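First comes the structure, then the notes that go with it.
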Amino acid sequence: MISRKNRFHGHASLRIVHQQGKTVRGPFFLLKSTVNPRRSTYRVAVVVSRKVSKSAVVRNRIRRRLYAAVRILQDDIARPHDIVLNVFDIKLLEESPKQLARLVKKQLTAAGILENSTKPAKDE
């Protein structure tokens with residue numbers, strides 16, 4: 001899990017990211033992000049709908065795996081961004097942690113969030 005200072009609190013901030021954020025779509029999840037100059041660090045939220053899985057256990061497992069993938073890359077996040085990951089496919093659970101980290105890195109790089117896109121992930 002990422003630290004409390006790097007998580008969203010309340011729905012108003014999420015609404016702003018959804019309205020004004022840049023969108024990058026991947027095979028399992030959608031990444032929306034926007035720069036937030038009022039903060040000193042990044043914030044991340046993972047949204048897993050009940051359409052993905054009716055089971056809260058499965059939704060929380062997906063959420064934890066994505067938070068862990070972002071935590072691996074947290075040193076490379078350039079500026080204070082607000083990032084929302086919307087999961088739309090349960091097949092994300094079948095991916096290995098390394099592959100999931102690569103997918104997250106690829107989408108963060110495409111969104112222009114990572115500071116140095118040529119630097120390999122820490123787990124490689």
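The values are calculated or read from the model by the stated rules, or taken from the named source; none is laboratory data. This structure is a prediction, so every number in the text was calculated from the model and none was measured. In this analysis, Cβ positions are derived from the backbone assuming ideal geometry, glycine residues included, and neighbour counts consider all displayed protein chains.
Residues that are over 19 Å from Asp89 (Cβ atoms), in a loop (DSSP other than H, G, I, E, B) and either modelled with pLDDT of 90 or more or within 12 Å of the chain's Cα centre (by Cα) (or both) within segment 39-54 comprise just one, Tyr42. Within segment 9-21, is there a residue that is in contact with a strand residue (DSSP E or B) (Cβ under 9 Å, 6 or more places away or on another chain) and basic (Lys, Arg)? No, every residue in segment 9-21 fails to be in contact with a strand residue (DSSP E or B) (Cβ under 9 Å, 6 or more places away or on another chain) and basic (Lys, Arg). Which one is surrounded by the fewest Cβ atoms within 10 Å (Cβ to Cβ), of the residues in segment 10-29 that are more than 21 Å from Arg102 (Cβ to Cβ), among the small types (Gly, Ala, Ser) and in contact (Cβ under 8 Å) with a residue 60 or more places away in the chain? Filtering segment 10-29 for residues that are more than 21 Å from Arg102 (Cβ to Cβ), among the small types (Gly, Ala, Ser) and in contact (Cβ under 8 Å) with a residue 60 or more places away in the chain, the one surrounded by the fewest Cβ atoms within 10 Å (Cβ to Cβ) comes out as Ser13.
Can you pull out the residues in segment 1-20 that are part of a helix (DSSP H, G or I) and in contact with a Phe, Trp or Tyr (Cβ under 9 Å, 6 or more places away or on another chain)? Asn6, Leu14, Val17, listed by residue number. Residue count for segment 104-124 under the criterion of being in contact with a helix residue (DSSP H, G or I) (Cβ under 7 Å, 6 or more places away or on another chain), over 14 Å from Ile77 (Cβ atoms) and modelled with pLDDT of 65 or more: the result is 0. Residues in segment 30-45 that are surrounded by 13 or more Cβ atoms within 10 Å (Cβ to Cβ) and polar (S, T, N, Q) were compared, and the one that is nearest to Asn60 (Cα to Cα) is Ser33. Would you tally the residues in segment 74-96 being buried (at least 16 other Cβ atoms within 10 Å of the Cβ) and modelled with pLDDT of 90 or more? Here the count works out to 11.
For Asn6, the conditions (1) at pLDDT below 95; (2) over 22 Å from Ala110 (Cα atoms); (3) buried (at least 17 other Cβ atoms within 10 Å of the Cβ); (4) not hydrophobic (A, V, I, L, M, F, W, C) all hold with the exception of (2). Please enumerate the residues belonging to segment 78-116 that are outside any helix (DSSP H, G or I), in contact with an Asp or Glu (Cβ under 8 Å, 6 or more places away or on another chain) and more than 18 Å from Thr23 (Cβ to Cβ). Ala78, Glu115, Asn116, listed by residue number.
So which of Val24, Val58 is touching a strand residue (DSSP E or B) at 6+ places or on another chain (Cβ under 7 Å), within 15 Å of Phe88 (Cα to Cα) and modelled with pLDDT of 90 or more?
Val24
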